[in-house]
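So the structure is just underneath, and the comments pick up after that.
The values are calculated or read from the model by the stated rules, or taken from the named source; none is laboratory data. These figures come from a predicted structure and were not determined experimentally. Every residue, glycine among them, receives a Cβ derived from its backbone with ideal geometry; neighbour counts consider all protein chains shown.
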Amino acid sequence: MTAEVISIPRASLHEQVAHRLRQMLVEGRIAPGAKLNERELSELLQVSRTPLREAIKMLAAEGLVELLPNRGAIAVSLSEADVLNTFEVMAGLEGLSGEMAAQRITDVELAEIQAMQFEMMAAYTRRDLSAYYTLNARIHSAINAAAKNPVLSTVYNQVNARLQALRFRSNQDGEKWKRALKEHEQMIEALAARDGAAMRDVLLAHLRNKRDVVLEQLREAQAQRGNAA
C-alpha cells in the first residue's frame, strides 16, 4: 500500500513558517538587529522563498521584523526609550485586561487557565524555559480573551508582539524567574476570587518588574559592547 500524499494548503504553510520564525526571534536564535537571510532560512525550514516571504510580512505586521529598503528584513531591536514606552502602554493594557477578566471569566475559562498554570509550574521545575514561556504566553492570552473585548484584544496583541523576545529573556535569571512564577500564582488567586482590583494590581506589578529586568539586561549588553569596542 502506498502512502497517501497530503498537501498542505499554502495559507497553512506560511502560517506554520511564521510560527517557527516567531519562536526563533523570541528565543534569540535570530538576534535583535540581525538580517533574516532568506536562502539560509529556506534551507533551515525546508520551504521555498514564497511562503517564507509571506511569513516575514506577517511578522513585520506584528512588529517583530522590520522591512528596510534595499536591506531586506531585520529582526527588531528596541532602544531603551522604545522599551520604556512600550512597557508603559503594555502595563495599562494588561491591567485593564486582568480587571475585566476577573469580572467576566467563566468557570470553564478559569479551569483552563488553572490547568495551564500547573503545566507551567512543571516546566519551571524542569527549568524548561521554552515550554515555560509558551505556557506563560498562553495564560496571558487566555486572561486577555476572558476580558471579552475584541478591541482590547487587537491592541493588546499588537503591542505585546514587540515585547515577546524581551519577556522571554527576562526569565533567564533564577531569582527573577522564581518571582515571576509567584506573581502568576497571585494572578490565579485573584481570578478565582473574581477580584478585579487585585488582578489589576498584580499585573501592573508583574509588568513593572519585567520592565526593570529588561532594562537591566539592555544596559548590561550596552556596557559589554562598550567594553569590547
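The table below lists the values:
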read-out	value
Within segment 18-42, tally of residues that are outside any loop (DSSP other than H, G, I, E, B), within 17 Å of the chain's Cα centre (by Cα) and over 18 Å from Tyr133 (Cα atoms)	0
Per-region count, segment 124-139, residues surrounded by fewer than 21 Cβ atoms within 10 Å (Cβ to Cβ) and in contact with a Leu (Cβ under 9 Å, 6 or more places away or on another chain)	1
Condition met for Val159 (within 17 Å of Leu64 (Cα to Cα), at pLDDT 90 or above and either outside the structural domain of Ile105 (by TED's automatic domain parsing) or not charged (D, E, K, R) (or both))	no
Evaluation of Thr86 against (1) assigned to a loop (DSSP other than H, G, I, E, B); (2) closer than 20 Å to Val213 by Cα (one fails), failing number	(1)
Residue check, Ala91 in contact (Cβ under 8 Å) with a residue 24 or more places away in the chain and part of a helix (DSSP H, G or I)	yes
Of all residues in segment 58-81 being surrounded by 15 or more Cβ atoms within 10 Å (Cβ to Cβ) and either among the basic types (Lys, Arg) or assigned to a helix (DSSP H, G or I) (or both), the one that is modelled with the lowest pLDDT	Glu62
Cross-chain or 6+ apart pairs with Cβ under 6 Å, segment 138-152 first and within 8 Å of Ser97 (Cβ to Cβ), then surrounded by fewer than 17 Cβ atoms within 10 Å (Cβ to Cβ)	Asn144/Ser153
Residues of segment 96-150 that turn out to be outside any helix (DSSP H, G or I) and either modelled with pLDDT of 95 or more or under 16 Å from Arg194 (Cβ atoms) (or both), as a count	5
